[in-house]
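Enquirer: Here it is: the structure, laid out below.
The values are calculated or read from the model by the stated rules, or taken from the named source; none is laboratory data. For clarity, every value in this text was computed on a predicted model and none was experimentally measured. Because the Cβ atoms are built from the backbone with ideal geometry, glycine has one as well, and the counts that use them run over all protein chains shown. Heavy atoms of the whole protein, side chains included, go into the accessibility calculation; ligands, DNA and RNA do not. Shrake-Rupley method; radii C 1.70, N 1.55, O 1.52, S 1.80 Å.
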Amino acid sequence: MIGLFDRLARLLLHALDPEDAHGLAIRMLRIAPVPKAGHDDRRLAMRVFGLNFPNPVGMAAGFDKNAEVPDALLRLGFGFVEVGTITPLPQAGNPRPRLFRLDADEGVINRLGFNSQGADAVLRRLAARAHSGGVVGINVGANKDALDRVADYVHLIERFAAVASYVTVNISSPNTPGLRDLQAAAVLDELMARVIDARDRAARSAGPTPVLLKIAPDLALSDLDDVVGIARARRVDGMIVGNTTVSRPQRLRDVATATEAGGLSGRPLFPLATRMLAETYVRVEGVFPLIGAGGIDSGAAALAKIRAGASLIQLYSALVFRGLGLVAAIKAALLAALQCDGQTSLADYVGADAASITAEPWPA
Ligand SMILES: Cc1cc2nc3c(=O)[nH]c(=O)nc-3n(C[C@H](O)[C@H](O)[C@H](O)COP(=O)(O)O)c2cc1C
């Protein structure tokens, strides 16, 4: 049933402008009776950040920016959903066109620029489903013209702690000018101090809400040293590695579209994002868990991400090319790997290849 739903949807969506297709996909998930995926095998379950995940495959931030369809996505078989990025106030984002498919590369370039309905609208939706179960995290960002960007993050953590399974601090979108500067050591330390203080204050009334930091795959390794050092010192609950890249790998085939400004995601991002994940894993030394994102488009890619250091994985771009059936295919492949290796839990794979990946030549 999911297969038929998926094939029809993909045919239709590929005929449209990418942003219109995305809008239609959200509308379909809102109104169509979404078929329910079967129960997950227990061996796929993970306990991470103090939360129970039925499987490790998450919908990455950016697909459901305004929390319109988290429950439909959970029904379809995702182990968790990250909604957002949301900003405190509504904002339109950059002018269209701002979303591009690189069909020959199975990549996507976006320069959406945090188009968000704002905190009030999203808070209403999350509050309405707060008792529905499932892991639904929220990814937060600053308004483009905010005078105090750190205050925007603090404000959103305070407001959303009670209705979100976790909160991701997104300082890695390339499409809000200056946002990535928050990754610089002195600024990041102040941001994380205030964010973690907000988390701890909110915990007194709302219970614990893990706070994760999402970084860019474009950081220099010396900057990654600083970022991980601060994340450890400030006691964040985890990191997501990572966001889209502003780099353009040499082997891209759709060279015309590749010149569009914005963040590249999908298959061409996999080597860089996986290398940065492994580099992060060896620096974190098991102090907190990592979510791996960037170019996952198969069961093999998902397992490689876990072996590079991810306790959980997220994907978005490959769904455009492979459809929602990819989620079930990844879960089946992970189970097959467990069976073949005689393992009982995916936790045994986490980081198994991290050290050897960091010794490889840097991905071109
Ligand atoms: C169209 C689009 C919009 C995105 N919007 C966001 C966003 O709002 N916040 C965020 O943290 N990441 C955003 N991302 C990045 C994804 O969450 C993910 O980190 C990245 O795309 C790598 O995963 P993928 O290769 O599986 O797509 C977006 C990605 C795409 C393709």
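Enquirer: How many percent of the accessible area of the chain is carbon or sulfur, using a 1.4 Å probe? Display every interim value, and only then the final one.
Expert: Details: 8070 of 14720 Å².
Ligands and nucleic acids excluded, carbon and sulfur reach 55 percent.
Enquirer: Under a crude label model (7 Å from the Cα following the beta-carbon direction), how far is residue 225 from residue 19 in nanometres?
Expert: The two pseudo-label positions are separated by 4.2 nm.
Enquirer: When all C-alpha to C-alpha distances in the range 132-188 are sorted into bins of 5 Å, what percent of pairs does each bin hold, rounded to whole numbers?
Expert: Percent of pairs per bin, in order: 4, 18, 27, 23, 15, 8, 4, 1.
Enquirer: In Å and whole numbers, how far do the C-alpha atoms of the range 22-136 stretch along each principal axis, longest first?
Expert: For the range 22-136, the Cα extents along the three principal axes come out at 45, 39, 31 Å.
Enquirer: Quick one: if you stick a label point 7 Å off each Cα along the C-beta vector at residue 193 and residue 148, how many nm between them?
Expert: Here the modelled spin labels are 1.4 nm apart.
Enquirer: Whole-Hz ³J(HN,Hα) for each residue in the range 350-364, computed from phi via Karplus 6.51 cos²θ - 1.76 cosθ + 1.60 with θ = phi - 60°, x for glycine and proline: what do you get?
Expert: 4, x, 4, 9, 4, 4, 5, 5, 5, 8, 6, x, 5, x, 7
Enquirer: What ³J(HN,Hα) values, in whole Hz, does the Karplus curve 6.51 cos²θ - 1.76 cosθ + 1.60 give for the range 212-218 when θ = phi - 60°, with x put for Gly and Pro?
Expert: Once rounded to whole Hz, the list reads 10, 10, 9, 10, 7, x, 8.
Enquirer: What distance in nm separates the two pseudo spin-label positions at residue 300 and residue 42, each 7 Å out from Cα along the beta-carbon direction?
Expert: About 3.2 nm separates the two model spin labels.
Enquirer: Sorted by mean Cβ packing within 10 Å, highest first, what order do the peptides 323-330, 338-345, 137-144, 37-44 take?
Expert: 137-144, 323-330, 37-44, 338-345
Enquirer: Still on this structure, please answer the following. Counting only heavy atoms of the protein chains, get the accessible area per residue of the range 198-254 (1.4 Å probe) and round it to a whole Å² value.
Expert: Details: 2550 Å² over 57 residues.
Counting only protein heavy atoms, the per-residue value for the range 198-254 is 45 Å².
Enquirer: Size of the dipole of the range 135-185 about the Cα centre, Lys and Arg at +1 and Asp and Glu at -1 on the beta carbon, nothing else charged, in debye to 20? Could you put the intermediate results ahead of the total?
Expert: Numbers: 4 positive and 5 negative charges, 24 e Å.
Dipole about the Cα centre, nearest 20: 120 debye.
Enquirer: State the percent of C-alpha pairs, over all pairs in the range 206-364, separated by a distance greater than 27 angstrom. Write down the numbers at each step before the final one.
Expert: Details: 3104 of 12561 pairs.
Summing the P(r) of the range 206-364 above 27 Å gives 25 percent of all pairs.
Enquirer: Oh, and also: What are the residues whose amide H is under 5 Å from the amide H of residue 139, where those residues sit 5 or more places off or on another chain and H is modelled from the backbone?
Expert: Amide H to amide H, under 5 Å and 5 or more residues apart or across chains, residue 139 pairs with 83, 84, 86, 168.
Enquirer: Right, here's the next one. Write down the Kirkwood hydrodynamic radius of the range 114-251, to one decimal in angstroms, obtained as one divided by the mean of 1/r over all alpha carbon pairs.
Expert: Working: mean 1/r = 0.0643 Å⁻¹.
Here the Kirkwood hydrodynamic radius works out to 15.5 Å.
Enquirer: Calculate, in nm to one decimal, what residue 340 and residue 358 gain on full extension: separation in residues at 0.36 nm each, minus their alpha carbon distance.
Expert: Values: separation 18, 0.36 × 18 = 6.48 nm, distance 2.64 nm.
Extending this stretch completely gives an extra 3.8 nm.
Enquirer: Just to confirm my numbers, what's the Cα centroid distance between the range 120-145 and the range 320-364 in Å?
Expert: One Cα centre to the other: 29 Å.
Enquirer: Any idea what diffusion coefficient the chain gets from Stokes-Einstein, in µm²/s, Kirkwood Rh on alpha carbon pairs, 37 °C, 0.692 mPa s? Don't skip to the answer; put the middle values down first.
Expert: Values: Rh = 20.3 Å.
The calculation lands on 162 µm²/s.
Enquirer: Right, next: Label the range 86-195 by shape, choosing from rounded, prolate and oblate, from the square roots a ≥ b ≥ c of the eigenvalues of the Cα gyration tensor; if a/c is under 1.5 it is rounded, and otherwise prolate applies when a/b is larger than b/c, oblate when it is not. Walk me through the intermediate numbers first.
Expert: Values: a/c = 1.69, a/b = 1.16, b/c = 1.46.
The shape class here is oblate.
Enquirer: Probe of 1.4 angstrom, ligands and nucleic acids ignored: what's the accessible area per residue over the range 31-89, in square angstrom?
Expert: Values: 2180 Å² over 59 residues.
Per residue, the range 31-89 has 37 Å² of solvent-accessible surface.
Enquirer: Under the √(5λ) rule applied to the eigenvalues of the Cα gyration tensor, what semi-axes describe the equivalent ellipsoid of the range 290-364? Give them in Å, descending. Mind showing how you got there, number by number?
Expert: Numbers: eigenvalues 78, 64, 18 Å².
Ellipsoid half-lengths, sorted descending, are 20, 18, 10 Å.
Enquirer: Right, something else. For the range 1-90, with equal point scatterers placed on the C-alpha atoms only and solvent neglected, what are the log10 I(q)/I(0) values from the Debye formula at q = 0.11, 0.13, 0.20, 0.25 1/Å, to two decimals?
Expert: Cα-only, vacuum Debye calculation for the range 1-90: -0.37, -0.51, -1.06, -1.33.
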